[in-house]
1. Take the residues in region A:87-113 that are farther than 26 Å from residue A:157 by Cα and without any contact (Cβ under 8 Å) to a residue 40 or more places away in the chain, then tell me which one is farthest from the other protein chains (Cβ to nearest Cβ).
2. Across region B:212-238, what is the total count of residues that are without any contact (Cβ under 8 Å) to a residue 40 or more places away in the chain and open to solvent by 10 Å² or more (accessible area, probe 1.4 Å)?
3. Mind checking which pairs have a first residue in region A:128-157 that is under 23 Å from residue A:115 (Cα atoms) and modelled with pLDDT of 95 or more and a second that is among the β-branched types (Val, Ile, Thr) and assigned to a loop (DSSP other than H, G, I, E, B), Cβ under 6 Å, 6 or more apart or different chains?
4. Among the residues of region B:142-159 satisfying the criterion of being part of a helix (DSSP H, G or I) and open to solvent by 30 Å² or more (accessible area, probe 1.4 Å), which is nearest to residue B:32 (Cα to Cα)?
5. Mind checking which residues of region B:391-431 are within 26 Å of residue A:115 (Cβ to Cβ) and part of a loop (DSSP other than H, G, I, E, B)?
6. Residue by residue through region A:133-163, note down the ones that are open to solvent by 10 Å² or more (accessible area, probe 1.4 Å), within 17 Å of residue A:85 (Cβ to Cβ) and over 12 Å from the mean Cα position of the chain (by Cα).
7. Counting only residues that are open to solvent by 30 Å² or more (accessible area, probe 1.4 Å) and over 20 Å from residue B:96 (Cβ atoms), how many does region B:119-141 have?
8. Might you let me know whether region A:61-74 holds any residue that is within 13 Å of chain B (Cβ to nearest Cβ) and small (Gly, Ala, Ser)?
Amino acid sequence: MTLTPKALLLLSALALAACQNPDRYGAGGGAGGAGGAGGTGYVDTTGLGDPSDPRSIAYFNQTVGDKVHFALDQSTLSPEARTILTAQAGWLNQNAAYAIIIEGHADEKGTREYNLALGARRAAAVQQFLVSQGVAAGRMKTISYGKERPIEVCSDEACYSKNRRAVTVLSAGAGV
Amino acid sequence: MTSPFRILSLLALALGLGAAPLTALAQDGRPPRIDITVGVIEPMPIAIPVFVDEGGAGDYAAQLSRVVASDLVGTGFFAAIPQEAHIARITSFDGGVSYPDWRAINARVLITGAVSVAGDRITVKFRAFDVENGTQIEGAALQFAGTTAGWRRMAHKVADVVYSKITGEGGYFDSRVVFVSESGPKNARAKRLAVMDYDGANVQYLTDSSAIVLAPRFSPAGDRILYTSYESGFPRITLLDVGSLRRQSLEEQQGTMTFAPRFSPDGQTVVFSLERGGNSDIYTLSLASGRLTQLTNAPSIETAPSYSPDGSQIVFESDRSGTQQIYIMPASGGEGRRISGGEGRYSTPVWSPRGDLIAFTKQNAGRFHIGVMRTDGSEERLLTASFLDEGPTWAPNGRVIMFTRESAGAGGQASLWSVDISGRNLKQITTEGPASDPAWSPLLP
């Protein structure tokens, strides 16, 4: 590996870490209290690890893929989402020490309460799929952010389709 | 849980705010009257001279008359005649009224007032006159006393009496609105609970912005607030005592999310959504006994419940038909009957305090609307249209609705708006920063 691509990867890992800073989800730490994560911050932003290390959170986020997307108002898993989640399950089963929080999100074109419920539906759909693939239910928690935490901020379908998502967030949980 | 926040006396202002009727002057003739139910209304000209200083009033005299005028003119039913145009001067509260001078400037109603201040005590008196008939308006002569900190409430009370006498409707100016104050970029919005006078003044913050807070709702007495908070890391219903600012979260069942809470009309029960395994249903929790009761049992999303004023029924939204629609069920639970029937998606139903109408959010053809319909779903009227309007809340008199409007794009921001149920008088409430999720208090005592 040449130096340049590696530097780029590290930069993107840092950018991801910034995106997932607990501050974004409030000092309460979003899904803080996750598993054995110690209750501060829902993800250990200093512990994403080296993305070239296949056992690192950074590797999971970037290479396995931590997100799946949904159609408007839907919580059905698309074939593409199932492929990603199957890979997630394989990785999670091999890296059993991580605690898992599944975040469900909605786009802004809905009412607040409905979007909370819809985000929960999406997170649960991912959780149920991962359980079906052998991931221990006890490692996972779900949380809905409704439309409160978009990753894209434009008001077009291009952004909405990215915001309708479930994100599998790992932290160094029990046993690590 | 101890609160890091200073204890605020919000509704405690009511303490020591006494009202007493003043001696009425001679009265007869037909009082000026506005029927606010008709579509287009010519604003009634009203004259509100600066209140008379009866000792130590200082700026309060001008401020009080300004807020009274602002309340009344803000309804769209009144037009204030500029004070520079007044011919007569009111220099003595108990002096006579020179009706011809007020008729000459076409005033239909005249409001006179007097203020005195001693220490932190303020006394406000007012009278309203029917200029055309040359009489005092019956019942529109009162005296209020309280602390100077509550001076705006006295102005609101004066305006409520005048509004009520002339429209025949209950007043709503002496009320508070709890809302979510927002700051920060769209993908990292910081939110905190705040309360304000109905007109946006006197903002006080109830929480800090360390955790997302959503959709606060007042108790029927205005002394408690239910809302959804991420303080624990997960969305959970929280009950806040307004006087002490003490908070406690309800419903600690592991693996569930609780949201969309509202009080029953007697304040004894919370109705809300509980999500388990991805499915949201409606439950009630008795605050006294802690008893949890499941009201709906469906694989669809059931949320946004709101009691009828008599407590016998609950209106809510469900997507059991495939899209969000509005249903009414008995307060004890059940299937519910669908009342929304038009095109599009209907959500966030709220029962009017008068019992006659349901306010809702409607999404259709890419636009959002605030609307009202009768409780059988008939006579649907859309009052607004924009990129994103949602979350109506009723003024205590059931004649005005406040809601959230969000603008589009990366720089999109939420703001608070109000509109009459006739669709008239759409206007933005001035707030210090972006704001969302308003909930109107009852009329203060």
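1. Only one residue fits best here, namely A:94.
2. The total comes to 4.
3. Between residues of region A:128-157 that are under 23 Å from residue A:115 (Cα atoms) and modelled with pLDDT of 95 or more and residues that are among the β-branched types (Val, Ile, Thr) and assigned to a loop (DSSP other than H, G, I, E, B), the close pairs are A:148/B:212.
4. B:157
5. Correct list: B:407, B:408, B:409, B:410, B:411, B:412, B:413, B:426, B:429, B:431.
6. A:133, A:134, A:136, A:137, A:139
7. To start, the set of residues in region B:119-141 that are open to solvent by 30 Å² or more (accessible area, probe 1.4 Å) comprises B:119-121, B:123, B:125, B:132-133, B:138-139.
Those left that are additionally over 20 Å from residue B:96 (Cβ atoms): B:119-121, B:123, B:139.
Here the count works out to 5.
8. Just the residues of region A:61-74 that are within 13 Å of chain B (Cβ to nearest Cβ), to begin with: A:70, A:72-74.
Applying the additional criterion that residues be small (Gly, Ala, Ser) yields none.
No, there is no match, as no residue in region A:61-74 is within 13 Å of chain B (Cβ to nearest Cβ) and small (Gly, Ala, Ser).
The values are calculated or read from the model by the stated rules, or taken from the named source; none is laboratory data. The structure presented is a predicted model; accordingly, all values stated were derived computationally and were not measured. Note that each Cβ is placed from the backbone with ideal geometry, even for glycine, and that neighbours are counted across all protein chains shown. Side chains are part of the model used for accessible areas, which takes the heavy atoms of the whole protein and leaves out ligands, DNA and RNA. Shrake-Rupley method; radii C 1.70, N 1.55, O 1.52, S 1.80 Å.
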